[in-house]
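The values are calculated or read from the model by the stated rules, or taken from the named source; none is laboratory data. Note that the coordinates shown come from a computational prediction; the quantities given were computed from them, not determined experimentally. We place every Cβ from the backbone using ideal geometry, glycine too, and count neighbours over all the protein chains shown. Heavy atoms of the whole protein, side chains included, go into the accessibility calculation; ligands, DNA and RNA do not. Shrake-Rupley method; radii C 1.70, N 1.55, O 1.52, S 1.80 Å.
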Amino acid sequence: MALYAAAVLGLQVPEQQLEAMLAAAAAAIPSAAPQALANTLWAVATLQYRPIKLGVRPDDAWLAAAMDGSGAVLDGAGSQELSLLLWSWAKLGVRPQQAWMQGWLQAMGQRMGSYCAPALASSAYALALLRFRPPRAWCEQLVGESQRQMAAFGAQELACLAWALAVLRLRPDRAWLEDFQSQALSESGSFNGQELSLICWALARLGHRPPVAWLAALLHDGLELQGGLAGQSLVLLVQALARWDLPQLKEGGKYSRAMLAATSVTLQGMSLEQLSWVVWAVARLRLAPQLPPGWLAAVLGEAEFNP
């Protein structure tokens, strides 16, 4: 309970006190109810993930005990607990063994209809983080249930779901994609830059090219390219736009100057991989004649610092 409270409140816990919390949590694992165990793992994963991180990472013995304990409660866990358990392990960078995953898939499959939209998106996102692709029938069940609940998905859930399906290479049918586009359009004012770029990147990776009018609405007629995007988010969006190869982005197109201007101001600090993707997009869209003065020199300069 103490770990959970610290995570919810975003507290920075002194190292000695944190060690005592982890020890108390470990002692409670064998008798912990599904909800309590899910909350504990969520707290540890959340505190590790936030900018104010745990000063002490749980050791292998703690993680092994938590893995055994979480595996033992899968049958009795509800949909929310199952989602939290998998998300927590994914965020901790710990991939459960095959037997644990099979138990989770079975429990999740039995409760799929009771999952709310956030839990569905979170579960799909965790599977993608773990690079674990379930059997085809199970995946079809997930895709079908997400379509049934599509109207309940908010901006973050839509982004996580699309990214997960793309990473796991689960291509939905046209009806699903149309429902997804419709729901994304209804949430277009709620997306932040990262969510917007994830959706575009995911659709492009899935081989789906949305209508130009839909894209223009989602990008606020190009305004998203002019501010609010930087680093990896901008790179993912640029990748998607280049894959779609839209006339609006080619030489003289409506968004080409905005895209080049956006990359110009965010080149500094990009990794070599990110720089490579930006250059690839510029080449694919044949935008070299439109490059701002000093753009190529800036790219080469950054590349020198990222050998």
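Got a sec? What order do 84, 219 fall in by accessible area at 1.4 Å, biggest, i.e. largest, first?
Details: 84 30, 219 0 Å².
Correct descending sequence by accessible area is 84, 219.
So if each residue of separation counts as 0.36 nm, and I subtract the Cα-Cα distance between residue 28 and residue 220, what length gain in nm does that give? If you can, show how the numbers build up before the last one.
Working: separation 192, 0.36 × 192 = 69.12 nm, distance 5.08 nm.
So the chain would gain 64.0 nm between residue 28 and residue 220.
Taking 25 °C and 0.890 mPa s as the conditions, I'd like the Stokes-Einstein D for region 106-189 in µm²/s, using the Kirkwood hydrodynamic radius from alpha carbon pairs. Let's see the in-between values first.
On the way: Rh = 12.7 Å.
In µm²/s, the coefficient is 193.
Mind putting a number on the dipole of region 115-213 about its Cα centre? Charges go on the C-beta only, +1 for Lys and Arg and -1 for Asp and Glu, and I need it in Debye to the nearest 20. Spell out each step's value before the answer.
Details: 9 positive and 8 negative charges, 95 e Å.
Computed charge dipole of region 115-213: roughly 460 debye.
Sorting the segments 147-154, 237-244, 286-293 by their residues' average number of neighbouring beta-carbon atoms within 10 angstrom, most packed first, yields 237-244, 147-154, 286-293.
The modelled label-to-label distance between residue 291 and residue 98, using points 7 Å beyond Cα along the C-beta direction, is 5.0 nm.
Could you calculate, for region 12-143, the ratio of the Cα radius of gyration to the Kirkwood radius, expressed as Rg to Rh? On the Cα set of region 12-143, Rg over Rh gives 0.97.
Based on every Cα atom in region 92-140, Rg and the maximum pairwise Cα distance Dmax equal 10.7, 28 Å. With a Förster radius of 41 Å applied to the C-beta separation of residue 245 and residue 151, the computed FRET efficiency comes to 0.85.
Under a Cβ-Cβ cut-off of 15 Å, what is the net charge of the residues other than residue 142 that fall near it, where Lys and Arg count +1 and Asp and Glu count -1?
Values: positive: 111, 133, 136, 148, 169, 171; negative: 140, 145, 157, 173, 179.
Around residue 142, the charge tally is +1.
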